[in-house]
Amino acid sequence: MEVTTDNYTEQLLFFYVIRNYDMASTYKSIYFSQDRLKALFEIIQPFILEYRQEPTLEQVSLLLQQKGVTDGINNQVIQEIWKVRDNLNAYDDEWLRKTAKGYAEWNNFLVAVNRMHSYMMTTQYDITPETAHE
């Protein structure tokens, strides 16, 4: 289960996050549903944290080469994704911030629910009528 969003909107959020150091420093790759964006974010985030700026398209290509990432991410794919970046300025900054923040909050909630479910499944056999009050 995930917040309904199309690939385009998710790519917009990706670029909004990597453009903003504060968001990029707290965002997690698991917030993205597209595997390519997850992989890109995991590679780009350390760069942003170190240099406090978004990498250029050329720097992203170099980072991918250094990491040896080839799983469905090549220069053509990166260039297609980066085309969406050019449209970022057409959107209201407040809307982008609220949407990216809401997307992160929802995904944090889902992670917590999944963890709770896993915990409950592993402990359910330890619960007896005598220990249920604990």
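Taking region 115-134, which residues are among the polar types (S, T, N, Q) and either touching a helix residue (DSSP H, G or I) at 6+ places or on another chain (Cβ under 9 Å) or part of a helix (DSSP H, G or I) (or both)? Even if it seems obvious, please write down each step before you answer.
Pass one, region 115-134, residues among the polar types (S, T, N, Q): 118, 122-124, 128, 131.
Passing the criteria: S118, T122, T123, Q124.
Residues in region 69-88: is at least one out of contact with any Phe, Trp or Tyr (no Cβ under 8 Å at 6 or more places or on another chain), farther than 20 Å from N7 by Cα, surrounded by 14 or more Cβ atoms within 10 Å (Cβ to Cβ) and among the β-branched types (V, I, T)?
For region 69-88, residues out of contact with any Phe, Trp or Tyr (no Cβ under 8 Å at 6 or more places or on another chain), farther than 20 Å from N7 by Cα, surrounded by 14 or more Cβ atoms within 10 Å (Cβ to Cβ) and among the β-branched types (V, I, T): present.
Residues are listed down the side, and each one gets a yes or a no for (1) in contact with a strand residue (DSSP E or B) (Cβ under 8 Å, 6 or more places away or on another chain); (2) closer than 21 Å to E10 by Cβ; (3) not small (G, A, S):
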| residue | (1), (2), (3) |
| --- | --- |
| E54 | no, yes, yes |
| L62 | no, no, yes |
| A90 | no, yes, no |
| W106 | no, yes, yes |
| V111 | no, yes, yes |
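Condition first: charged (D, E, K, R) and touching a Lys or Arg at 6+ places or on another chain (Cβ under 9 Å). Now tell me which residues in region 1-27 satisfy that. Outline the logic, then answer.
Going residue by residue through region 1-27, those that are charged (D, E, K, R) are 2, 6, 10, 19, 22.
The one that is charged (D, E, K, R) and touching a Lys or Arg at 6+ places or on another chain (Cβ under 9 Å): R19.
Take V111 and decide whether it is under 19 Å from the mean Cα position of the chain (by Cα) and farther than 23 Å from N20 by Cβ.
Details: under 19 Å from the mean Cα position of the chain (by Cα): yes; farther than 23 Å from N20 by Cβ: no.
When the stated conditions are applied, V111 does not pass them.
Show the residue pairs that are 6+ apart or on different chains and have beta-carbon atoms under 8 Å apart, the first residue being within region 109-130 and within 20 Å of I30 (Cβ to Cβ), the second being at pLDDT 80 or above and open to solvent by 70 Å² or more (accessible area, probe 1.4 Å).
Once the first residue is within 20 Å of I30 (Cβ to Cβ) and sits in region 109-130, its partners that are at pLDDT 80 or above and open to solvent by 70 Å² or more (accessible area, probe 1.4 Å) give V111/I30.
Taking region 35-86 on its own, how many of its residues are assigned to a helix (DSSP H, G or I) and either in contact (Cβ under 8 Å) with a residue 12 or more places away in the chain or aliphatic (A, V, I, L, M) (or both)? Working first, answer last.
Pass one, region 35-86, residues assigned to a helix (DSSP H, G or I): 35-51, 57-67, 75-85.
Next, from what is left, pick out any that are either in contact (Cβ under 8 Å) with a residue 12 or more places away in the chain or aliphatic (A, V, I, L, M) (or both): 35-37, 39-45, 47-49, 57, 59-64, 67, 75, 77-79, 81-82, 84-85.
Residues flagged as assigned to a helix (DSSP H, G or I) and either in contact (Cβ under 8 Å) with a residue 12 or more places away in the chain or aliphatic (A, V, I, L, M) (or both) within region 35-86 amount to 29.
The values are calculated or read from the model by the stated rules, or taken from the named source; none is laboratory data. Given the structure is predicted, the values throughout are model-derived calculations rather than measurements. Cβ: placed from backbone, ideal geometry, glycine included. Neighbour counts: every protein chain shown. For the accessible areas, the whole protein counts, side chains as well, though only heavy atoms, and no ligand, DNA or RNA atoms are used. Shrake-Rupley method; radii C 1.70, N 1.55, O 1.52, S 1.80 Å.
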